[in-house]
Number of protein chains: 2
Amino acid sequence: MGKIAPTGILTSADEVGRPPLKIRFVNLDTGRENIAVISRRSQALRPDVFCGFSRIQIQCGDKLLLATLLITDDESLVGTNELGLATPAFRRMNEPENTLATVSPAPPPKSLDFVRSKIQGDILDAVEIAAIVDDLTNHRYSELEIAAFLVATARLMTASELLALTSSMVDAGTRLHWQKPMIVDKHCIGGIPGNRTSMIVVPIVAAHGLTMPKTSSRAITSPAGTADTMEVLAKVDIDTDHMKRVVDKCGACLIWGGHVNLSPADDILISVERVLGLDTIEQMVASIMSKKIAAGVTHLLVDIPVGSSSKVRTPTEALRLRKLFELVGDHFGIAVEVVTTEGRQPIGHGVGPLLEVHDVMSVLENRPDAPQDLREKSLNLAARLLEYDPALRGGTGYARALELLESGAALRKLQSIIAAQGEPPYAASLGHLQRDIVASKHGIVSNIDCLRINRIAHMAGAPIDKGAGIQIFKKIGEHVSPGDPLYRIFASEASGYDLALRASFEQNGFSIDDRPEPQ
Amino acid sequence: MGKIAPTGILTSADEVGRPPLKIRFVNLDTGRENIAVISRRSQALRPDVFCGFSRIQIQCGDKLLLATLLITDDESLVGTNELGLATPAFRRMNEPENTLATVSPAPPPKSLDFVRSKIQGDILDAVEIAAIVDDLTNHRYSELEIAAFLVATARLMTASELLALTSSMVDAGTRLHWQKPMIVDKHCIGGIPGNRTSMIVVPIVAAHGLTMPKTSSRAITSPAGTADTMEVLAKVDIDTDHMKRVVDKCGACLIWGGHVNLSPADDILISVERVLGLDTIEQMVASIMSKKIAAGVTHLLVDIPVGSSSKVRTPTEALRLRKLFELVGDHFGIAVEVVTTEGRQPIGHGVGPLLEVHDVMSVLENRPDAPQDLREKSLNLAARLLEYDPALRGGTGYARALELLESGAALRKLQSIIAAQGEPPYAASLGHLQRDIVASKHGIVSNIDCLRINRIAHMAGAPIDKGAGIQIFKKIGEHVSPGDPLYRIFASEASGYDLALRASFEQNGFSIDDRPEPQ
């Protein structure tokens, strides 16, 4: 090779046409991640060059989509002039196969610079946080970039960062407006098996005349969210228009939030938090409050169960969490009241959608076998919400809640909500694979591990299998003898049943204290 | 649904056989990530149940592999009784198609608990760090979990954590043993375009008689690593046995570290660091030192270029980095010397493998057009290494290095290393698409942005395309007039050429100061 001397301007190919590719559907469910596939022999780009880029940018008309690129040598899967899009990317692009698209390397989202400065210990301002939330919402972050943001903000989020995050998350989605002066809601931070109070509180409060448009989540790692349990009785998978009709008619609804697009960034963050098992309180507060502000809530009651296997383990943690809820509520002009409740053990008997419906209906029907803990907790929460009504005399909330429950008004309200939301998608039946888990010794139940009970019920198939889960027979303080059933596992399918049984044999979640009791 | 009363022990299906699946190859290059694909209608497991688990565990005989699960409805891709394995997973499983395998949900790696405590601010002990590195090395972490570990340790890593991380990373891979009292090496932390001193330093030092078994990396985001450039001249992709034969014969080698399995956890961490653009100094030191300790190095010279667009921007940062190298070196009994060097601009003329080879050979051949900066820097580094030789009189290292270079001994040594390593995989030729980037005004070159030059050369196709890159004509302090070529872009393929030109037109990386100079 000779010496290379300057020779002035050479022009070989100034503007290079990059041939477009034909979109092709690749039937692969890749979760939230946009995945594109090209042939290793593709003429439109040199895949090797893309090694250094984490993502590609796909342009199709005026639509732009970011995706992670995989490469194939199998031309029956994706040909050299094709661009394969896996299921979520194909759905988001929303163009027919064979539509032409061009592909170029995508620079990482600009807001990653702010994530990096947060990692180095900087405090982010509102503009920086808004840029991050915008990129998140528009699927410009890969999962590992989302993880970096979550971890970077996990150790320290200032009050101003928390407010900016909440505000940006609200702005990123739909915001509901109601023609009412007062919209009440309650939210439990979760973690307690069987804690299905909303399905009792909402009909009581709505029967009184307050407006309570409740959107709930589906369970992901737990055996049931309110939406999963309500779905045994009614359609919950409804959009904003249908939601408004239900609330106009009944003063309340009990639906899944997934189609209402409230704080969509939250759903994205939660999907990664779950994999990492991260649950930091600032992120929790931003998550919950962004959904409630977007839903147009004016008065919010937050239920924080405290117990050794609950999300919040000590009164000190509960107090810190309360302050954060109050901070955000005050900033956004929402009346927030925080109550701490018993979180040492499951509420009610059933854990899993169908089993929980059984508990809820037994309370609303005032049946003698109704679980008293679920009944009392629901009445107390409803009483707090009723006290928001200026027309109600102070201190009479509980009596009013009890009246609405005992008279059957709450039951009739739930039935009208069910009618307005529509039929459930399918009839659920209780799992036919059943086995009792029994005590191995004499003693007193001293502890029930909520995490373990949730995990076993989840393994049994709840909430996807509505009839799977756990029925609890013993609570803390009860005497047991060897062979006494502690709970029963229900499942419909062998694989989940097997998993749940094995987990239960290894560690059934009950602690039994066999020391002689002082009489 | 009636009330459910305890009924004692029911046994429906205690031990549930889960039918095995037949392994099938899915031609998808998924980078480092293990990806498995099953049919949505698979009988062997219920995919829905797996939503809550991030990963599955595949058992095949006594082999165990963790993978992320994707789901397909396309039974021509993966049938209901099949288990699809994408390219890296199939290669790692290393079993023929149709081998039977069973699949079960994989719990997240246990060591993630330690990552979570690090996120919360805890200091990890050596056992905890070893568990993390073990899980990393065995591909039990998904990319987002790796990101969480990197971010959690980015802000604070104590000295004891750094030592434990380095030690665990060494233990996780191969450790080389040499029958010599002294093994020397040099390492540059990188970032400076064209800085190809190793290919000059290694032959000088080996010609003197010291042993220098150099393993290098391939470039990922930069336009060339030493291994990429050396590959123009010789085979670099060689295993430990071949490496030992080369070193026995020549006293040195210049190979790619990829097949020698030194600190494999490092390669995994770096792949995610790169995507996140994270480059924290503790992680850098653990990365470099783990490779050097594993390689059996006893005397190490570390080159830290300092400049505004270099990895290390200030003398203060360089000092902090030096202390960390010394800490780790002292702990592991390695003599470490750290030098800071000029890092304001590229070294030599060429940026990209073939263009860099041109520079290296012109220095070794003592040609008058050889870049003086590359020659001087190489002589100085070689001099430092030669001073490790107890037989050499103190202060004569530079003279000895110069003698070995000027006599042609270093050139002959490189030629013997090339002969021992073997022929390069293919002959490289200079990119035929060429264009000069010119100055737009009179003035003096006041700054050259190393990051930008690297990025443009990378876009042009380097290092995959050996003949792509940049030839630099002007350096800091030189006078330029409008139209004077600053550098020339070389590329072989239109798409990369186009990208590089566009990037260069947007921002060419050169700052020209046109203020009147005080004479």
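Observations
- Qualifying positions in the range B:279-300 - among the aliphatic types (A, V, I, L, M), farther than 20 Å from B:A227 by Cβ and surrounded by fewer than 22 Cβ atoms within 10 Å (Cβ to Cβ): B:I281
- In the set B:L21, B:L65, B:L85, B:L77, only one residue is within 7 Å of chain A (Cβ to nearest Cβ) and either buried (at least 18 other Cβ atoms within 10 Å of the Cβ) or modelled with pLDDT of 90 or more (or both); that residue is B:L77.
- The lone exception for B:A468 - which of (1) surrounded by 21 or more Cβ atoms within 10 Å (Cβ to Cβ); (2) among the small types (G, A, S); (3) farther than 30 Å from B:P213 by Cα it fails: (3)
- Scan of the range B:313-335 for residues that are in contact (Cβ under 8 Å) with a residue 40 or more places away in the chain and more than 22 Å from B:A382 (Cα to Cα), ordered by number: B:L324, B:L327, B:V328, B:H331, B:F332
- Members of the range A:278-308 found to be closer than 28 Å to B:F149 by Cβ, in contact (Cβ under 8 Å) with a residue 40 or more places away in the chain and either part of a strand (DSSP E or B) or within 14 Å of chain B (Cβ to nearest Cβ) (or both), listed by number: A:L278, A:T280, A:I281, A:E282, A:Q283
- Of all residues in the range B:219-236, those that are farther than 17 Å from B:P424 by Cα and within 12 Å of chain A (Cβ to nearest Cβ) have Cβ atoms under 8 Å from Cβ atoms of residues that are surrounded by 24 or more Cβ atoms within 10 Å (Cβ to Cβ) and among the β-branched types (V, I, T), 6 or more apart or on another chain, in B:P223/B:V351; B:P223/B:I470.
- Test: residue in the range A:83-102 that is within 19 Å of B:L28 (Cβ to Cβ) and without any contact (Cβ under 8 Å) to a residue 60 or more places away in the chain: yes
- The helices (runs of 4 or more DSSP H) falling completely within the range B:93-155 that include 2 or more residues that are surrounded by 21 or more Cβ atoms within 10 Å (Cβ to Cβ) and within 11 Å of chain A (Cβ to nearest Cβ) map to B:112-119, B:143-154.
- Scanning the range B:475-492 for residues being buried (at least 21 other Cβ atoms within 10 Å of the Cβ) and closer than 26 Å to B:S429 by Cα gives a total of 7.
- Residue identified as farther than 21 Å from A:A294 by Cβ and of a type in the set (S, T, Y) among A:T174, A:T158: A:T158
- Any pair with Cβ under 8 angstrom, 6 or more apart, that starts in the range A:387-416 at a residue that is farther than 23 Å from A:L300 by Cβ and ends at one that is of a type in the set (S, T, N, Q): A:E406/A:N366; A:G408/A:N366
- Residues satisfying the stated conditions in the range B:156-171, i.e. crowded, with 22+ Cβ neighbours inside 10 Å and either of a type in the set (V, I, T) or more than 14 Å from chain A (Cβ to nearest Cβ) (or both): B:L162, B:A164, B:L165, B:T166, B:S168, B:M169, B:V170
- Residues being under 10 Å from B:G422 (Cα atoms), touching a Gly at 6+ places or on another chain (Cβ under 7 Å) and surrounded by 24 or more Cβ atoms within 10 Å (Cβ to Cβ) - total across the range B:222-240: 0
- Condition check for B:I238: part of a loop (DSSP other than H, G, I, E, B), within 22 Å of B:V170 (Cβ to Cβ) and of a type in the set (V, I, T): yes
Each row is one residue, and each column tells you yes or no for (1) at pLDDT below 95; (2) over 16 Å from the mean Cα position of the chain (by Cα).
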residue	(1), (2)
B:N195	yes, no
B:I200	no, yes
B:V205	no, yes
B:T211	no, yes
B:K214	no, no
B:S217	yes, no
B:S222	yes, no
B:G225	yes, no
B:M230	no, no
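- Residues in the range A:261-277 that are in contact (Cβ under 8 Å) with a residue 12 or more places away in the chain, surrounded by fewer than 22 Cβ atoms within 10 Å (Cβ to Cβ) and not in a helix (DSSP H, G or I): A:N261 alone.
- The set of residues in the range B:179-189 being modelled with pLDDT under 95 and surrounded by fewer than 21 Cβ atoms within 10 Å (Cβ to Cβ) consists of B:Q179, B:K180, B:P181.
- A:S440 meets each of the listed conditions (1) buried (at least 20 other Cβ atoms within 10 Å of the Cβ); (2) more than 23 Å from A:V247 (Cα to Cα) apart from (1).
- Qualifying residue in the range B:144-151 (condition: closer than 22 Å to A:T153 by Cβ and in contact with a strand residue (DSSP E or B) (Cβ under 8 Å, 6 or more places away or on another chain)): no
- Condition met for B:S407 (in the same structural domain as B:V357 (by the TED database), closer than 21 Å to B:M230 by Cα and among the hydroxyl-bearing types (S, T, Y)): no
- Selection count, the range A:244-260, where residues are part of a strand (DSSP E or B) and crowded, with 23+ Cβ neighbours inside 10 Å: 4
- The range A:466-501: number of residues that are more than 8 Å from chain B (Cβ to nearest Cβ) and under 29 Å from A:E231 (Cα atoms): 15
- Qualifying helices (runs of 4 or more DSSP H) (wholly inside the range B:337-454; at least 1 residues being modelled with pLDDT of 95 or more and within 14 Å of chain A (Cβ to nearest Cβ)): B:353-364
- Flag if B:F50 is assigned to a strand (DSSP E or B), more than 7 Å from chain A (Cβ to nearest Cβ) and at pLDDT 50 or above: no
- Looking across A:E356, A:E387, one residue alone is of a type outside the set (K, R) and within 23 Å of A:R344 (Cβ to Cβ). It is A:E356.
The values are calculated or read from the model by the stated rules, or taken from the named source; none is laboratory data. Only a predicted model underlies this, so the values are computations on that prediction, with no experimental measurement involved. Neighbour counts run over all protein chains shown; Cβ positions are idealised from the backbone, glycine included.
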